[in-house]
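Working notes, structure below.
The values are calculated or read from the model by the stated rules, or taken from the named source; none is laboratory data. Everything numeric here is computed off the predicted structure, so don't read it as measured data. Here the Cβ positions follow ideal geometry from the backbone for every residue, glycine too, while neighbour counts run over all protein chains shown.
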Amino acid sequence: MNTFETLGIDGKILSAIKDMGFENPMPIQEKAIPELLKNDSDYICLAQTGTGKTAAFGLPLAQLIDFKSPKAQAIVLCPTRELCMQITGDITNFTKNISGANIVAVYGGASIEGQVNQIKRGAQIIVATPGRMVDIINRKKVDLSEIQWAVLDEADEMLNMGFKEDLDVILSKTSAEKHTWLFSATMAQGVADIARNYMSNAKEISVGKKNQGAENISHIYYVVHARDKYLALKRIADYNPDIYGIIFCRTKIETQMVADHLIKDGYSADCIHGDLSQAQRDSVMKKYRSKTIQMLVATDVAARGIDVDDVTHVINYSLPDEAENYTHRSGRTARAGKSGVSIVITNMKELGKIRFIERIIGKKFIEAKIPTGKEICERQLFSLIDKSINTPINEKEIEPYLPKIFGQLEHLSKEDIIKRLISTEFNRFLEYYKNSNDLAGDRSHSASHSGGNFKRMFISLGRLDGVDKGQLLNILCTGADLTSTSIGRIDLMNSYSFFEVDNKDLEKLKSAFAEHDFKGRKIKIEESEKPADSKRERYGDRDNRGGGEKREFRKFGGDRGGYGGKRDGSGRGSYGGGGDRKSSGGSDRGGDRGSYSGGGESREGGAGSRRDKFAKGSRPRKKF
Ligand code: AMP
């Protein structure tokens, strides 16, 4: 078996990586390190994030560079500030025993003067996001003429984010003699173009098949009605009490709403997306890294460069617009040789997308059934017992209380005590799932929604207020803390609408909306003269009611009541619905880039971004 030593890594670096806990090389390191150390060719390395690729290029760089000279000799380009800092930190650690070694990080959203000063003081390796690097080049504050190595890390991501023009500018400033090492998770067309334009006779190194997801990821999908997606998500979380997951959504609004509802329902969750300032995102990431929060809800753009180890589950709450992004998403789990699960919550209509992804990743998905209430309760129960068995006992601290506690429990048998202690935690799950339905992707369970006694209501909100049926349902449910099953048919008019509400919730709804306003205007709700049309199909029972993806939020608004109370005291808390958030800066030059496929205003980024420009000039990307 190879060691770092047999791969050619020398003493000072060896002792540094030993301190980092690197004992044996990972597969990409085994393949790349001896090749890159030869320093006689350009290389394309196909490697997923989390497979140890930073060391695969960082260790050879650390060894090849002449640290006696203060000149910039290597430039590492990467898509995000997070990744930029991570790479800088790693290479700084690799070179900690080498005197004179200086690695500088250059990224957007921080003072450019400070970064320029660091470069001036002499940095042999510049790790940069492309946008900021171009700014520094334009200010003529860096000399790249002696660059001997250009590393393009996560090249496919940089292209996805519209950095092609910046890469062109940067690479044109470096000498033709340099060697280029390109790292990418996928061999997307743009990556092949870069290889053709900027690299000569590049050799290819890969572990696993091209575009393939990590071996140790299990891919699972659940089919549910679009309107039950959120319930399904909660069940998945409940079924996996120790989940440490990333939940991917397609839009900023969806991301915020999923996170808000999870928080409201007592889960340990928060979100990152492009409407949050860098400081807000940093704070969420800090909480996630320290495992203060268990579930991070994210857009693709905001999640770029997230390199958190130990992620147990990636959940695709919505599939990405581009199938290749699935590989990036699922690559957030199963890092550093661990195993992980990538879950897709989908509906019948999207099954074609799953098949498409299967072809891209070269792996089959397993279809699973959303766990039933009973299965979840069982799982929670045994997890609780497991935790009790494994909880360390602080004998010294609890000793003074024991006599009193024993006294209080004296009259109970051992069995009774066990039952009672377990019930204190467990009852909320039993209660919550007591009458739960199966969340299957067919219409079977919808039948339970029909019938009931409904009242037709008038509401002074209509199309002219910019709401559609889904949003109106959401306003009603969140406003009065109802589930969507309490709301029946909705008839949307221009300046007002009618809807049906379950009689049992009528008073609750009325009193909740006595105080409610919409964008500063008071909302009027009153009983309509016309009775509810009991013959017509209920809103919640129809599957062809239009509205596209918005329908996903119809179940929101607390659905069956949540668990009441937070699960832990981890200082979570909603940001207050996102209304007060400011869009400020981002990962590099004005924030997250827009979605590649343009589309809805709520997607990350905006029209006119360079991503759009790039889209014109390149081959259309694979879409579903
Ligand atoms: P990367 O793909 O470079 O982000 O690496 C993923 C994780 O694996 C990081 O936490 C690295 O510190 C860690 N890592 C990289 N190489 C090794 C190694 N040879 N042994 C142990 N951990 C490693």
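I need the full set of residues from segment 244-284 which are among the β-branched types (Val, Ile, Thr) and out of contact with any Leu (no Cβ under 8 Å at 6 or more places or on another chain), in order please.
251, 253, 255, 263, listed by residue number.
Restrict the check to segment 428-442 and report whether at least one residue is closer than 20 Å to residue 238 by Cβ and surrounded by fewer than 12 Cβ atoms within 10 Å (Cβ to Cβ).
Yes; the residues of segment 428-442 include at least one that is closer than 20 Å to residue 238 by Cβ and surrounded by fewer than 12 Cβ atoms within 10 Å (Cβ to Cβ).
Just need a number here: residues in segment 374-423 that are among the hydroxyl-bearing types (Ser, Thr, Tyr), surrounded by 12 or more Cβ atoms within 10 Å (Cβ to Cβ) and modelled with pLDDT of 85 or more.
Selection size over segment 374-423: 0.
Using the structure shown, decide if residue 440 is modelled with pLDDT under 85 and in a helix (DSSP H, G or I).
Criteria not met by residue 440.
For residue 464, are the conditions met, namely being in the same structural domain as residue 511 (by TED's automatic domain parsing) and either assigned to a loop (DSSP other than H, G, I, E, B) or at pLDDT 80 or above (or both)?
So residue 464 passes the test.
With the condition kept exactly as written, say whether any residue in segment 283-304 is polar (S, T, N, Q) and closer than 23 Å to residue 226 by Cα.
Yes; the residues of segment 283-304 include at least one that is polar (S, T, N, Q) and closer than 23 Å to residue 226 by Cα.
Take segment 512-527 and flag every residue that is at pLDDT 80 or above and surrounded by 12 or more Cβ atoms within 10 Å (Cβ to Cβ).
512, 513, 523, 524, 525, 527
State yes or no: is residue 180 within 26 Å of residue 273 (Cβ to Cβ) and either crowded, with 20+ Cβ neighbours inside 10 Å or touching a helix residue (DSSP H, G or I) at 6+ places or on another chain (Cβ under 7 Å) (or both)?
For residue 180, the condition - within 26 Å of residue 273 (Cβ to Cβ) and either crowded, with 20+ Cβ neighbours inside 10 Å or touching a helix residue (DSSP H, G or I) at 6+ places or on another chain (Cβ under 7 Å) (or both) - is not met.
With the condition kept exactly as written, say whether any residue in segment 104-119 is within 14 Å of the ligand (Cβ to nearest atom) and either surrounded by fewer than 23 Cβ atoms within 10 Å (Cβ to Cβ) or under 25 Å from residue 139 (Cβ atoms) (or both).
no
Can you list the strands (runs of 3 or more DSSP E) lying wholly within segment 260-331 that have 1 or more residues being more than 30 Å from residue 352 (Cα to Cα) and touching a residue at least 12 places away in the same chain (Cβ under 8 Å)?
Hits in segment 260-331: 269-272.
Looking at this structure, is residue 276 under 22 Å from residue 160 (Cα atoms) and surrounded by 21 or more Cβ atoms within 10 Å (Cβ to Cβ)?
Yes; evaluated as a whole, the condition is true for this residue.
Take residue 282 and tell me if it is assigned by TED's automatic domain parsing to the domain that holds residue 361, in contact with a Pro (Cβ under 9 Å, 6 or more places away or on another chain) and of a type in the set (Asp, Glu).
Against the criterion (assigned by TED's automatic domain parsing to the domain that holds residue 361, in contact with a Pro (Cβ under 9 Å, 6 or more places away or on another chain) and of a type in the set (Asp, Glu)), residue 282 does not qualify.
Say whether the condition of being under 26 Å from residue 338 (Cβ atoms) and either more than 8 Å from the ligand (Cβ to nearest atom) or in the same structural domain as residue 150 (by TED's automatic domain parsing) (or both) is met by at least one residue in segment 63-73.
Looking through segment 63-73, none of the residues is under 26 Å from residue 338 (Cβ atoms) and either more than 8 Å from the ligand (Cβ to nearest atom) or in the same structural domain as residue 150 (by TED's automatic domain parsing) (or both).
When you check residue 367 against the structure, is it surrounded by 10 or more Cβ atoms within 10 Å (Cβ to Cβ), in contact with a strand residue (DSSP E or B) (Cβ under 8 Å, 6 or more places away or on another chain) and of a type in the set (Asp, Glu), yes or no?
So residue 367 fits the description; yes.
Name, by its number, the condition in (1) at pLDDT 95 or above; (2) surrounded by fewer than 15 Cβ atoms within 10 Å (Cβ to Cβ) that does not hold for residue 18.
(1)
Which condition does residue 351 not pass, out of (1) surrounded by 17 or more Cβ atoms within 10 Å (Cβ to Cβ); (2) outside any loop (DSSP other than H, G, I, E, B), if it passes all the others?
It is condition (1) that residue 351 fails.
Using beta carbons and a limit of 7 Å, which pairs, at least six apart or on different chains, have the first residue in segment 7-32 and under 25 Å from residue 100 (Cβ atoms) and of a type in the set (Asp, Glu) and the second one more than 6 Å from the ligand (Cβ to nearest atom) and modelled with pLDDT of 95 or more?
10/63
Quick check, is residue 337 surrounded by fewer than 23 Cβ atoms within 10 Å (Cβ to Cβ), at pLDDT below 90, on the phi > 0 side of the Ramachandran plot and not in a strand (DSSP E or B)?
yes
How do the helices (runs of 4 or more DSSP H) wholly within segment 358-415 filter down when requiring 2 or more residues that are free of Cβ contacts under 8 Å to residues at least 60 places away in the same chain, among the β-branched types (Val, Ile, Thr) and out of contact with any Cys (no Cβ under 6 Å at 6 or more places or on another chain): which remain?
Hits in segment 358-415: 373-390.
Would you confirm whether any residue within segment 111-120 is within 24 Å of residue 16 (Cβ to Cβ) and touching a residue at least 40 places away in the same chain (Cβ under 8 Å)?
Within segment 111-120, one or more residues are within 24 Å of residue 16 (Cβ to Cβ) and touching a residue at least 40 places away in the same chain (Cβ under 8 Å).
Kindly provide the set of residues from segment 44-66 that are modelled with pLDDT of 95 or more and out of contact with any Ser or Thr (no Cβ under 7 Å at 6 or more places or on another chain), ordered by number.
Across segment 44-66, the qualifying residues are 55, 56, 57, 58, 59, 60, 61, 63, 64, 65, 66.
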